[in-house]
1. Counting only residues 5 or more places away or on other chains, whose amide H sits under 5 Å from the amide H of residue 53 once H atoms are built in the peptide plane?
2. Between residue 123 and residue 191, what length comes free when the chain is fully extended (0.36 nm per residue of separation minus the Cα-Cα distance, one decimal in nm)?
3. Can you sort 108, 93 by solvent-accessible area, 1.4 Å probe, largest first?
4. Taking 0.36 nm per intervening residue step and subtracting the Cα-Cα distance, what contour gain separates residue 215 from residue 201 on full extension?
5. Restricting to DSSP H runs of at least four residues, report the calculated mean residue ellipticity at 222 nm for the chain, -39500 (n - 2.57) per run over all residues, nearest 500 deg cm²/dmol.
6. For helix 76-93, what angle does its Cα long axis make with the longest principal axis of the chain, in degrees from 0 to 90 and rounded to 10?
7. List the residues, sorted by chain then number, that are 5 or more residues from residue 111 or on another chain and whose placed amide H is less than 5 Å from its amide H.
8. Ordering 15, 230 by accessible area with a probe of 1.4 Å, largest first, what comes out?
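The values are calculated or read from the model by the stated rules, or taken from the named source; none is laboratory data. No experiment lies behind these values; they were computed from the predicted model shown. We place every Cβ from the backbone using ideal geometry, glycine too, and count neighbours over all the protein chains shown. The accessibility values were calculated without ligands, DNA or RNA, using every heavy atom of the protein model including side chains. Shrake-Rupley method; radii C 1.70, N 1.55, O 1.52, S 1.80 Å.
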Amino acid sequence: DQDFGVHLAEWVAGSPEDHFDVLAFAVRSSATLGEHYRLAGRYIRLIHEGIYLSLEQDGDVARLVHGHSPEQIGPRHPVEGMLALMYLMGRRTLGEDSPPRVADSVFTPQVVRFAHPRPPRVSEQERVFRAPVEYACPRNELVLARDLLARPQRHAELRLLALLDRQLGGLLSVLPESRRLRDEVRRCLMDELPEGKPVVAAVATKLHMSARSLQRGLQSEGTSFAEVLSDLRRDLALRYLEDR
C-alpha cells in the first residue's frame, strides 16, 4: 500500500477506543477540540516515547505540530498516519463522522505540512485531509483556524475526564524522563532557521525561560547553544545532500 499511513489512520479512527484504551476515552471526554489536542500531546509518550504533539496558537491560526525527539525527519507513513489520525479523531469527536462533501465540511485544516519529500502520488493524502498538502517543509503540522479549538465535543464528560486524567498521570509518572533540554532547543531551532540566524533570547522565550537559564541548562548537559545549532545545521546539510 503506497499510502499505508493515512489508510491505517482511517481504520483506527473508526474505533479508536479499541486501540488506545484509556487515552482514547479521555480525549473524547474533553470539553473542546483544543483540550482534546492538548491532552493528546500531554500523554502521547504512553503510545510512543520518541514522538511529540504540541498545540501552538498564533493570532487566528492554531498549529498541531508533530515530530520526533531528538528532532529528525520521521518515517513517512507513521508521520502521515499520526496527523491523519489526529484530524479524523477530531472530526469524530465533533460529530462529523460521515464524510460530507468538501463544501459542507466545517472542520477542515487550512493546510497540512510534512517534512518528508513529496511522494509520487498525493491524491489519498488530499482526500483524507480535505486540504492542500505541502511537503519538504520545516516541520509536520496541521494548520487550523484557531476558533475551531473552542468547538464543544459531543461526548464531553468532565467528571469522567478527571478520573481518567489521574489514571493517565499515574501511568506517565512511571516512564523514564527522556526529554532533554538540548532536544527542546533543537526543535525550536528548526522553527527559527527559516527566518535567519537563531538567537538565544528568541529560543529561551519559546521555552518560557531566561537566556541565562537556557545556557546553564545546556551546559549541565555538556553542550552549548552554539554547539546545538552547529550540530543541527550539519545534520540538515547531510540530509539535504542525501535527498536527490
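1. none
2. So the extension gain works out to 21.7 nm.
3. Listed by decreasing accessible area, they come as 108, 93.
4. 4.0 nm
5. Here the helix-only value at 222 nm equals -15500 deg cm²/dmol.
6. So the helix axis and the longest Cα principal axis differ by about 40 degrees.
7. 143
8. The most accessible residue leads, giving 230, 15.
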